[in-house]
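Asks: Could you have a look at this structure, given as structure tokens, before my questions?
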Amino acid sequence: MLNFVEFAGIKFDSELIAGGAIKQGAKAYGQWKVECFDKDGKLKWSDDFHNLVTNQGLNHILSIVLAAGTQITSWYVGLMSSSPTPAAADTLASHGGWTEITDYTGNRKAFTPGSVSGQSVDNSASKASFAINATVTVGGAFL
């Protein structure tokens, strides 16, 4: 069984350059913690890693925050095949560098975030859990 806790963070910064304009920026990233348990519930391994936020994801964030875009209220966690090569241009419908693993019981798992605090949000109170039912190598995850 795999448990996923996803942490998303957004970093904002700005600087003033004498004689110039104000430069502002924002960075969004996903930080994941994955835990693998055997059939008896014993922890086999754990890993932490950062995920790419795609162009579509960044555009969505900007749309919601700055342009009164429509919020998406249902988010899901999925699994990526071994050795994935995610790209900024990836979408759920088009992602040539990886395939989705579906060899688990049920459907994609709902992402249920907690409260936003400290410039991040997580789902540690409602972890996405996958009961794998085939021999597969998981290479990553997506939200």
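Coordinate-derived values only; no laboratory data. A quick note: this is a predicted structure, and the numbers were derived from the prediction, not measured. Counting neighbours? That spans all protein chains shown, and the Cβs are built from the backbone with ideal geometry, glycine included.
Asks: Please work out how much length the chain gains when fully extended from Glu100 to Ala131, using 0.36 nm per residue of separation minus the C-alpha to C-alpha distance, in nm with one decimal.
Replies: Difference between extended and current length: 9.6 nm.
Asks: Oh, and also: Cβ neighbours within 10 Å, averaged per peptide: list 96-103, 44-51 in order, most packed at the top.
Replies: 96-103, 44-51
Asks: Once label points are set 7 Å from the Cα along Cα→Cβ at both Ala28 and Ala87, what is their separation, rounded to one decimal in nm?
Replies: 2.0 nm
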